[in-house]
Structure formats: C-alpha cells, structure tokens
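Novice: Please read through the structure below; I'll follow up with questions.
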Amino acid sequence: MTRRLLVVAEVALALVLLVSAGLLLRSLQRLFAVAPGFNAPHLLTMQVQTSGRRFVQASAVHQFFDRALEAVRAVPGVESAGFTSQLPLSGDFEQYGVQFESSPNDDPRQDRSALRYAVTPAYVETMRIPLVRGRTIEALDA
C-alpha cells in the first residue's frame with residue numbers, strides 16, 4: 001500500500017513539473033515575442049565601473065566618460081555611440097525618494113520614489129528607440 005502511494009505521488013509530482021515547465025516555456029516564448037522598445041541587432045554593450053581615487057571628483061568621472069565616448073565613436077565601423085547608467089531590461093536602477101512640499105508623505109506604505117537613468121545625448125538614437133513625441137536629448141539638457 002505504501003509503495004503504491006509513493007508511486008502515485010511521484011507520478012503526480014512529475015506531471016506537475018511537466019505542466020509547470022510547459023507553462024514556463026510558453027511564457028518565455030510570449031515574452032521574447034514582445035518588442036522591447038529598442039532595436040537590439042548590431043548593438044554592442046559593455047559595463048564600465050569608475051572607482052578609486054582617480055574618480056573621487058565628479059568632474060574626473062565626466063571627463064573619463066567624455067574621452068571614452070569619443071574613443072568609441074572613432075572606432076572604424078561605429079555608426080553611433082552613447083552611454084547610460086542602466087541598460088534596458090537589465091533590472092538595474094537607481095531609486096531616489098521624492099518629497100513634495102505641497103503634499104508631505106506621512107504614510108510609509110506610499111512609495112514616492114523616482115528612478116534615475118543617466119544617458120548621453122546620442123543614447124536614444126544609438127538604441128534606435130522611436131521618438132513618439134517631443135525631442136531628443138541634447139548636450140545642453142545636462
């Protein structure tokens with residue numbers, strides 16, 4: 001009796017795992033079919049960390065990235081280049097609390113925060129993100 005019960009439990013568990021795997025695969029297939037909002041082919045990304053004594057001052061960091069961006073743009077075959085603090089769909093973000101004088105947030109359950117994404121002026125064009133309305137980012141926007 002115990003052996004039969006164990007076999008039934010194993011078969012039921014195997015069936016649950018198979019159905020779960022099928023649902024996961026179908027969800028992933030649908031997820032990959034959704035347009036991400038940018039044109040990924042022919043894009044190359046890399047991550048750069050600025051740390052250490054050399055980058056203590058913000059001006060040194062800005063100067064480093066300005067030089068790096070010009071160097072990347074000078075590489076033969078590069079059509080466009082831009083920098084961002086977080087890549088799309090990477091899960092990375094910088095979150096900052098927001099306070100409004102006109103409506104103070106006394107309830108800690110209400111999340112008043114803003115996500116910050118720092119980008120260079122050519123980022124939108126480099127990622128081929130379609131401009132729906134407004135204008136692109138310019139150097140004077142900094």
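Novice: By how many nm would the segment from residue 4 to residue 47 lengthen if fully extended, with 0.36 nm per residue of separation less the alpha-carbon distance?
Specialist: Length difference between fully extended and current span is 10.0 nm.
Novice: Taking H as built 1.01 Å from N, whose amide H comes closer than 5 Å to the amide H of residue 82, not counting residues under 5 places away?
Specialist: none
Novice: Another one. How large is the dipole of the chain about the Cα centre if only Lys and Arg carry +1 and Asp and Glu carry -1, each at its Cβ, rounded to the nearest 20 debye?
Specialist: Once rounded to the nearest 20, the dipole reads 600 debye.
Novice: Another question, if that's okay. Quickly estimate the mean residue ellipticity at 222 nm for the chain, helices only: each DSSP H run with n ≥ 4 gives -39500 (n - 2.57), and the total goes over all residues, rounded to 500.
Specialist: -12500 deg cm²/dmol
No lab work stands behind these numbers, since they all come straight from the coordinates. Note that the structure is a prediction, hence the values are computed from the model and not measured. Here Cβ is always computed from backbone atoms with ideal geometry, including for glycine, and neighbour counts include all displayed protein chains.
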